[in-house]
Amino acid sequence: MILSCRDIYKRFGGIKAIDGCTFAVEQNKITAIIGPNGSGKTTMFNVISKLVKMDRGIIEFNGKDVTPLKDYEFARLGISRTFQDVKLFQNLTIKEHLQIAISASNERFFLNLLKGKASETMFINEVLDLVGLDKQIDTYATDLSYGQRKLLDLAIAIAKPHTLLMLDEPVAGVNPRLRDSIKEILRELNDRGESILLIEHDMNFVMDLVDHIFVMDAGRVIAEGVPEEIQKNPNVLEAYLGK
Ligand code: ADP
Ligand code: MG
């Protein structure tokens, strides 16, 4: 297991956002967390990336207990994530965003990879190619469409040195054609050996993409299994229809 979360709890005032959540993510697999709105999916991501401090629970990353780590210590472990609401700098270009992503780490292997500017540009072009963001690299974020911003956000996450990719609703609000192409990108990344944990509200999107699904409702996992099992699970249907 690359990531393991056990018995996580998080309250916001009277709201039990995470209420005893347990799940684990296997290496080189695509894992999805699905569930109705408000079931605690994003909060779980925030707890894992230490943006939100959990009340109780244990998180292990690559077999190591990372529960006590500070956020900046945790950032170095190599989890790269996107946000449900894309966060970009309006006054920076595509290229500048990716340069920041690359420089976000001083890991040796990465510095070796980037000997000099030429290879940096090569790397940036490679990442943009992979996500299919077909815009000049000097384009400002503010001049990108919603879909293009979503792709840039994905490119940034990929460009950061990481061993686990966590994507919060990577296809939310994008058109059907772009949904399909993002699905293809995720398959390609997985073929290259990436471990991916993604949050998705729409069950249908993940069915033909992921290896394993955890279904959250009211802050805990109510079902898990391969997509075919989840599709047949009456508890899952009820959780969705009950909302
Ligand atoms: P999901 O991503 O599954 O839609 P969230 O994790 O965003 O769900 O939200 C789970 C619950 O926690 C919701 O009731 C939400 O309103 C609440 N919540 C999330 N973040 C906060 C916060 N920072 N302060 C107060 N309540 C929050
Ligand atoms: Mg969410």
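The values are calculated or read from the model by the stated rules, or taken from the named source; none is laboratory data. As the structure is a computational prediction, the values presented were derived from the model and not from experiment. Positions of Cβ are backbone-derived with ideal geometry, glycine not excepted, and every protein chain shown enters the neighbour counts. Note: accessible area is taken over every heavy atom of the protein model, side chains too, but ligands, DNA and RNA are not part of it. Shrake-Rupley method; radii C 1.70, N 1.55, O 1.52, S 1.80 Å.
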Partners for Lys95 among aspartates and glutamates (Cα-Cα distance below 19 Å; same-chain residues under 8 apart left out) = Glu120, Glu126, Asp129, Asp134, Asp138, Asp143, Asp153
Along region 155-164, what does the Karplus equation 6.51 cos²θ - 1.76 cosθ + 1.60 (θ = phi - 60°) give for ³J(HN,Hα), rounded to whole Hz, x for Gly and Pro?
-> 4, 4, 4, 5, 5, 5, x, 7, 10, 9
Which of the pairs Lys53/Lys160; Lys16/Lys50; Lys10/Lys41; Lys29/Lys135; Lys16/Lys70 have their Cα atoms more than 21 Å apart in this structure?
-> Lys53/Lys160; Lys29/Lys135; Lys16/Lys70
Pulled fully out, how much extra length does the chain show between Ser103 and Asn204, if you take 0.36 nm times their separation in residues and subtract their Cα-Cα distance?
-> 32.7 nm
Within the accessible area of the chain, what % is carbon and sulfur when the probe is 1.4 Å and the other protein chains stay in place?
-> 49 percent
Kindly rank 30-42, 50-62, 202-214, 144-156 from highest to lowest mean number of other beta carbons found within 10 Å of each residue.
-> 30-42, 144-156, 202-214, 50-62
Residue-by-residue Karplus 3J(HN,Hα) for region 9-22, coefficients 6.51, -1.76, 1.60, Hz, glycine and proline x | 10, 8, 10, 10, x, x, 8, 8, 5, 10, 10, x, 8, 9
Charge sum, other residues only, whose C-beta stays under 10 Å from Leu151's C-beta, Lys/Arg counted +1 and Asp/Glu -1 | +1
Before rounding to the nearest 500, sum -39500 (n - 2.57) across all DSSP H runs of length at least 4 in the chain and divide by the residue total; then give [θ] at 222 nm in deg cm²/dmol.
-> -11000 deg cm²/dmol
Let me have the relative contact order for the chain, percent, based on Cα pairs under 8 Å that are six or more residues apart.
-> 30 percent
